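A short reminder: the numbers here are calculations on the coordinates, not readings from a lab. Just so it is clear, the structure is predicted and the values come from calculations on it, not from any experiment. So basically every Cβ, Gly included, is an ideal-geometry build from the backbone, and we count neighbours across all protein chains shown.
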Amino acid sequence: MVVLSLFDSTLTALRPWAEAGHDCVAVDIAHPPGWSVCPDTGITRWGGDARDFPGLPGGALPDVCMGWPPCTHLASSGARWWKRKGPEALAEAMALVAVAQRWCKAARVGGFIENPVGRLSTVWRKPDHWFHPADYAGYPGGAQDRYTKKTGLWTFGGAVMPAPRPLPVCADTGNRIHRASGWDKAEQKRIRCATPAGFAFAFYEANSR
């Protein structure tokens, strides 16, 4: 299968697919400009604004597409700044969501768009599913996902929501939407935005057959 992951800087979502031999492509502005291959994973990367992504080689369509559009202007955790940011910030955020939507609709098997609880539910539509990372912490790789972060999943095509395999929330991390003591802003943002590895494996397991 060909698996496309948009707004994906960590490659966590693609690792289970790549390790199983599927062809994987990650698109994110944080990757080296243009086409490259990650030396650690063998995953193909395209670095640049996702709105400028030229598409898969030969005009191929992905079998599966995962979209992780930035939540900076969408998440409820930043609601106190929405008015100050103005409609331009929302328009930019929705333009990126539209890129993910277009590719997810084109995927042969299906896919999803992920975003935390926020105004995407009102300016677009309500998600098909809600989950917390801890709900999938029992899957391989999910040991660090024992925290709460209400997250929406908008699914497309035949994408299957995996069955939960929860583990108890860790008392020291609790809720990663809010800053824990000892975390600076950069660390907080990195942790809060990280793709839950347990959910990534669960989605792969449910949709790779």
* Structure fact -> If every Lys and Arg gets +1 and every Asp and Glu gets -1 at its Cβ, then about the Cα centre the chain yields a dipole, in debye to the nearest 20, of 860
* To do: Divide by every residue of the chain the summed helix terms, -39500 (n - 2.57) for each DSSP H run of at least 4, and state the resulting mean residue ellipticity at 222 nm, rounded to the nearest 500 deg cm²/dmol.
  => -8000 deg cm²/dmol
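Relative contact order for the range 9-85: what percent, with Cα pairs under 8 Å and sequence separation of 6 or more?
Working: 78 pairs, mean separation 15.9, N = 77.
With pairs under 8 Å counted, the relative contact order is 21 percent.
Wrap a convex hull around the Cα atoms of the range 39-159, take a quarter of its surface area, and give that in square nanometres.
Numbers: hull surface 36.8 nm².
Mean orientational projected area (the range 39-159, Cα hull): 9.2 nm².
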* Asked: Which whole-angstrom value gives the distance between the alpha carbon centres of the range 1-17 and the range 51-123?
  -> 15
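Would the range 13-107 count as rounded, prolate or oblate if I go by the C-alpha gyration tensor, calling it rounded below 1.5 in a/c and otherwise prolate when a/b exceeds b/c, oblate otherwise?
Taking the square roots of the gyration eigenvalues as a ≥ b ≥ c, the range 13-107 is prolate.
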* Structure fact -> Length-normalised contact order of the chain, Cα under 8 Å, at least 6 apart, in percent, tallies to 18
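Cross-link list K105/K149; K105/K126; K126/K150: which exceed 23 angstrom alpha carbon to alpha carbon? Don't skip to the end; give the middle numbers.
Working: K105/K149 26 Å; K105/K126 17 Å; K126/K150 13 Å.
Pairs exceeding 23 Å: K105/K149.
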* Would you mind giving the three semi-axes, in whole Å and largest first, of the ellipsoid equivalent to the chain according to its Cα gyration tensor? => 25, 21, 17
